[in-house]
Amino acid sequence: MQKPRRKPVDGGLEIAVTEMDERLRRSSAWSRPHTAVIERKHPHGWSAKAPTLPDGVLFTVTSSDPKEVQHIRGLGFIGIMVSGHHHHGITSPWRGER
């Protein structure tokens, strides 16, 4: 399996999550719902966006706090996906609304 491509950007991290195999395809499906919830609920004020790529999404998470920028960059994709108390209320792409 190919890892998502990571690139530091101003204020955070950009991760290209492409659909190279089934596991990344599922990760791509989770990226978009997480962006909205991170925007609304992340306890440290992170911002997130995930515009569509031809073969996945470009998941970007940023912060205006320099300490949080280092935190975001250190966590990477999976760490960001499980960070904070933002999981309550996410719609599962496999199970429908909660």
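The numbers here are math on the coordinates, done by the rules we state, and not lab data. Since the model is a prediction, treat every value here as computed from it, not as a measurement. Cβ placement follows ideal geometry from the backbone for every residue including glycine, while neighbour counts extend to all protein chains displayed.
In nm, what is the difference between 0.36 nm times the number of residues separating Thr52 and Arg5 and their Cα-Cα distance? The partial results should precede the final answer.
Values: separation 47, 0.36 × 47 = 16.92 nm, distance 1.48 nm.
Gain on stretching Thr52 to Arg5: 15.4 nm.
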With labels modelled as points extended 7 Å from the Cα through the Cβ direction, what inter-label distance (nm, one decimal) is found for Ser64 paired with Arg40?
-> 2.2 nm
